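Chemist: Starting off with a structure, shown below.
Each value in this text was obtained by applying a stated rule to the coordinates, not by laboratory testing. Just so it is clear, the structure is predicted and the values come from calculations on it, not from any experiment. All Cβ positions, even for glycine, are placed from backbone atoms using ideal geometry, and neighbour counts span all protein chains on display.
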Ligand SMILES: [Zn+2]
């Protein structure tokens with residue numbers, strides 16, 4: 001067991017798939033909910049052995065894939081939907097897959113197998129002044145990721161407030177954009193359990209990822225970190241006993257972890273602001289000063305992190321775009 005065991009909760013069967021070498025996510029968590037037929041929340045990525053791992057864990061709980069009738073996907077990242085097609089095939093009958101409408105395009109064949117490297121991505125990387133060898137590394141990493149999932153040709157959509165019933169459970173979707181525009185938590189009211197996807201994670205602060213494909217957004221003014229902080233507010237006052245997260249261990253103190261996230265983002269904004277105060281520069285040249293160390297392969301995450309904090313600093317009037325570039329030059333105010 002890589003993580004502390006989950007608390008036992010009636011009609012909820014957690015499956016924590018080990019994710020060796022997958023950054024610092026530790027496990028990809030899948031939850032089977034109900035007495036059967038089952039609803040699965042997320043699927044984990046299509047790693048060698050992952051499907052078998054879920055099968056064995058379901059058997060321990062007295063089920064098999066044939067009991068799965070629907071899969072609710074918390075958001076459109078491959079570590080959450082990668083195995084959906086394989087699970088559907090293993091079930092031997094149609095399994096409905098559901099995702100928030102704003103993330104539907106991410107799981108599509110067109111997105112996963114089409115022209116993966118968009119014009120928007122090139123423009124963005126020129127804007128941040130990323131050296132060409134780093135662009136190459138990011139492109140390679142993105143292609144590798146796409147091997148860890150199958151596209152979903154048939155997927156239903158959910159919206160905030162949608163409810164899903166079954167024997168022994170009642171789930172309500174809470175739209176919590178930020179990590180991705182279509183990210184959702186699911187609240188199980190009988191057991192007072194919140195399935196948080198990547199909106200809440202215990203051992204790392206979730207990334208409100210910058211969104212490159214702006215034409216896919218409902219709100220053209222969408223900003224990830226702004227949306228993320230607003231989505232944290234949305235969980236205020238919710239009666240939650242356990243948060244079952246998308247990766248790693250469960251959380252018991254939801255208000256406590258929310259305030260630690262707020263503090264983290266406040267500190268990171270100050271760090272970016274101080275770096276700019278020392279010297280106005282394009283985004284890529286802020287990385288070394290904001291992060292003590294960026295692991296190989298995580299450059300895109302570092303760029304995204306600084307970008308979303310810059311957006312907030314600009315909102316607050318503490319920074320400005322001095323020259324739109326490319327490369328774009330930012331300065332502190
Ligand atoms: Zn994830």
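Chemist: Take the residues in the stretch 181-201 that are away from the ligand (no atom under 13 Å from the Cβ) and not in a strand (DSSP E or B); name whichever of them is farthest from residue 10 (Cα to Cα).
Modeler: Of everything passing the filter in the stretch 181-201, 181 is farthest from residue 10 (Cα to Cα).
Chemist: Which one is farthest from residue 28 (Cα to Cα), of the residues in the stretch 73-93 that are more than 12 Å from the ligand (Cβ to nearest atom) and touching a strand residue (DSSP E or B) at 6+ places or on another chain (Cβ under 9 Å)?
Modeler: By that ranking, first place goes to 93.
Chemist: Moving to a separate point now. Find the residue count for the stretch 99-120, including only residues that are within 19 Å of the chain's Cα centre (by Cα), surrounded by fewer than 20 Cβ atoms within 10 Å (Cβ to Cβ) and outside any loop (DSSP other than H, G, I, E, B).
Modeler: 4
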